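**Q** Before we start, here is the structure in question, set down as structure tokens.
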């Protein structure tokens, strides 16, 4: 289980490790405002269904399962993570000068991540190596599209294999696909297409990949800026999909011979499971009303028919939503001590979902937009996203940050 024992480091900050990669800045060929969250008049795109709260303001893994057994008192005065705030963390820069990074993984001491422009990045001892992913069709980095989800296989150390989700130009429109990838002879290459033809657009592409407790691969897809697709069981957009790691439809999927696991999603971008198997997804709402949903097979989560506090027969209410006046713009998620952690883009914070208290708590902020979170032992890693066209990037953005408890009471 995860512990925040950091007593010997209580009064010492961890040295910053500088890393070099592409210079940060606004996305190539994109305006200063990213269409990813085109809310409140900030969009270059005429989105007639409202604003994707993912990226609407200037200053956007399945998580590792944990056990919430030890309280702060039981751990010799350790502060429970649910009570922590920004000042309780020691922050170390693991890598910097990243350009629109999206998904973060780690194997042994090496960090692996994608950028939307089509690269797999490897960070070793602070040094960043950048590889263009060799794909069957060029990665289309248009708006929110590009190389998004990335997941290392369980046997990556021996196989060098993983999974990726990217946008490409289909016969008449943008589409998304799920592929297997492999590190071969100093390069990253696509080895197989597991699923393609997923409707895409400049906005609302979903894109998160995670392997669940059942060893199946789960995929989030956005509504591709066509809200009605989310309610169409025969279309893969606006869904959470489930497949075997070989790309087959599992026999127990809820809609027969279909990859669809749940319907009625707008733009989900986070997937994680608690130790008891509870599955959560984070989802961008239109102009606030972001959601955390408890996912069960075959359920309909309502978009575009209901949102926020609205209800309808046969549709699920969110576990929690941000209301009409607050925006989280939630993206990647992970699990620490059986609490769901959620990154916020517009919210510019790392949130903790306290199910018992029915609230989202900010446990870390001050570094701008956060795209993804990864848990490894006692450490929490967050991926900033200030170069995506909607943030205020610092000269060394974007960065991987490592958070550990600073030992102070």
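We did not get these values from a lab; they are worked out from the coordinates using the rules stated. These figures come from a predicted structure and were not determined experimentally. Counting neighbours? That spans all protein chains shown, and the Cβs are built from the backbone with ideal geometry, glycine included.
**Q** Per 10 Å bin from zero, what fraction in whole % of the C-alpha pairs of segment 241-298 is there, up to the bin with the longest pair?
**A** Once binned at 10 Å, the Cα pair distances of segment 241-298 give 22, 45, 29, 4.
**Q** Let me ask something else about it. Arrange 358, 204, 141, 119 by Cβ neighbour counts within 10 Å, fewest through most, would you?
**A** By the 10 Å Cβ count, ascending: 358, 141, 119, 204.
**Q** Next up: Based on the Kirkwood radius over alpha-carbon pairs, what is the Stokes-Einstein translational diffusion coefficient of segment 128-196 at 37 °C with 0.692 mPa s viscosity, in µm²/s?
**A** Calculated translational D: 263 µm²/s.
**Q** Would you mind ranking 163, 156, 150 by Cβ crowding within 10 Å, fewest neighbours first?
**A** Taking fewest neighbouring Cβ atoms as first place, the list is 156, 163, 150.
**Q** Sticking with this one: Let me check the size of segment 181-276 from its C-alpha atoms; what are the radius of gyration and Dmax in Å?
**A** Rg, Dmax (Cα atoms, Å): 14.0, 44.
**Q** Report the normalised scattering of segment 84-229 as log10 I(q)/I(0) at q = 0.15 Å⁻¹, calculated by the Debye formula with identical scatterers on the alpha carbons.
**A** Debye intensities relative to I(0), on a log10 scale: -0.77.
**Q** Mind sorting 117, 365 by how few other Cβ atoms lie within 10 Å of their own Cβ, fewest first?
**A** Least to most surrounded, the residues fall as 365, 117.
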